[in-house]
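I have placed the structure first, in the form of structure tokens, so that the comments after it can refer back to it.
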Amino acid sequence: MATPSPSTPLTLSGKTAIVTGASRGIGEGIALDFAARGAKVVLTYSSSKSDSAVSTTINKIKSLNNGSDAISVRTDLRHPSAPGEIVSATLSAFGPHIDILVNNAGCELAKPITEMTAEDFSYVYDLNVRAPLLLSGAVVPHLRAPGRIINISSVGARSGFKNFSAYCSSKAALEGLTRVLAAELGEKGGHTVNAVNPGPVQTVLLEGIPRSLVEWQKDATPVEHRLGTIDDVVQIVAFLAEERSRWVSGQCISASGGFSMW
Ligand SMILES: NC(=O)c1ccc[n+]([C@@H]2O[C@H](COP(=O)([O-])OP(=O)(O)OC[C@H]3O[C@@H](n4cnc5c(N)ncnc54)[C@H](OP(=O)(O)O)[C@@H]3O)[C@@H](O)[C@H]2O)c1
């Protein structure tokens, strides 16, 4: 993970952002980037195994000395009480407004449809769909206009990857949620709601995806036939978080080097 540069323009100065799943991977990259742009960032995660990684990220942010700040909230987003905890901790630390919510925490599950159980469905949907829905609802009363909600979906939302019925359909549901919230919140002072759909990026999550599928995706990626980097995704999220994206809402932007063209 690259260390944020203190010379990054402070385009998110004075903003408070919540990034879920920020202990590693894409979420950590987003949190570091937002802080480099001057934001106060709330990093959420669920596992005590991630405590020291999150402390390291928070120390990096505090050493930027650019007006940014960071706190962490360890809470399981599969639990319906988590959104309230995250919002309370945010308001206590950084004051009465929230400007940006990134629903990034997510999980995958590879299983043939004949083996899929109701528990498997809840495992995936409670984190990938219900948590973004409930956390958005908890944040909106405090969302300062023009606020930003950015959902991290996947190219899987629009692909038929075999054995990923719960994952791919959950990300399609997240796209649907994105459009509804864009319609519901846009008139409240210019809030925008968008999704970013990454293709494969080398993170812990990707370790659960069959290598053959990842290699096939690389071959089918027009731009350099490579995996995406965390920074490839972060740059798109940063654009959507900033003021300059004000006329983009209800969109699902593919961050996949052209793997998905719609
Ligand atoms: N990597 C890819 O190739 C790829 C491609 C397309 C889309 N995406 C999407 O991008 C997002 C981030 O993926 P990633 O690859 O960065 O994943 P990752 O490395 O596995 O990180 C997942 C993050 O979510 C947190 N998390 C997991 N379960 C949680 C729970 N129950 N409650 C709260 N937080 C939880 C994890 O922290 P703890 O373990 O500490 O809880 C971690 O911070 C996901 O939504 C994923 O679907 C990734």
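The values are calculated or read from the model by the stated rules, or taken from the named source; none is laboratory data. Because the structure is a prediction, the values reported are computed rather than measured. Every residue, glycine among them, receives a Cβ derived from its backbone with ideal geometry; neighbour counts consider all protein chains shown. To get the accessible areas, we keep the full protein, side chains included, count just its heavy atoms, and leave off ligands, DNA and RNA. Shrake-Rupley method; radii C 1.70, N 1.55, O 1.52, S 1.80 Å.
What the table below lists for this structure:
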| quantity | calculated |
| --- | --- |
| Residue-level accessible surface for Leu143, protein heavy atoms, 1.4 Å, Å² | 20 |
| Cross-link partners of Lys62 among lysines (Cα-Cα below 19 Å; sequence separation of 8 or more within a chain) | Lys15, Lys40 |
| Heavy-atom accessible surface of the chain: percent carbon and sulfur, 1.4 Å | 56 |
| Added length on full extension, which subtracts the Cα-Cα distance from 0.36 nm per residue, Met261 to Arg179 | 27.7 nm |
| Those lysines that a straight Cα-Cα span of less than 21 Å connects to Lys111, excepting residues fewer than 8 apart in one chain | Lys162, Lys171 |
| Mean Kyte hydropathy of 0.0 or more with a Cα span along the axis of at least 20 Å, helices from DSSP in the chain | 165-185 |
| Relative contact order computed over the chain (Cα-Cα under 8 Å; 6+ residues apart), in percent | 17 |
| GNM result for the chain, Cα springs below 10 Å: residue of Ile18, Ile113, Ile26 fluctuating most strongly | Ile113 |
| Relative packing of 129-136, 175-182, 207-214, which averages over residues the other C-beta atoms within 10 Å, highest first | 129-136, 175-182, 207-214 |
| For the chain, built as a Gaussian network whose Cα springs stay under 10 Å, the top-fluctuating residue of Asp219, Asp76, Asp231 | Asp219 |
| Arg144 paired with Glu215, simple spin-label distance in nm, labels 7 Å along Cα-to-beta-carbon | 5.1 |
| Computed Rg/Rh of region 129-246, alpha carbon atoms with Kirkwood Rh | 1.01 |
| Accessible area in square angstrom per residue, the chain, 1.4 angstrom probe | 44 |
| Candidates Phe164, Phe34, Phe121, ranked by Gaussian network fluctuation over the chain, Cα under 10 Å, top entry | Phe121 |
| Cα centroid of region 18-50 to Cα centroid of region 171-194, whole Å | 22 |
| Alpha carbon centroid spacing (whole Å) that separates region 129-157 from region 106-127 | 22 |
| Neighbourhood net charge (15 Å Cβ-Cβ; Lys/Arg +1, Asp/Glu -1) for Pro210 | 0 |
| The chain shape via C-alpha gyration tensor axes, a/c threshold 1.5 | rounded |
| Helix-only [θ]222 nm of the chain, DSSP H runs n ≥ 4, -39500 (n - 2.57) each, per residue, nearest 500 | -11500 deg cm²/dmol |
| Heavy atoms of Lys111: accessible area, 1.4 Å probe, square angstrom to 10 | 50 |
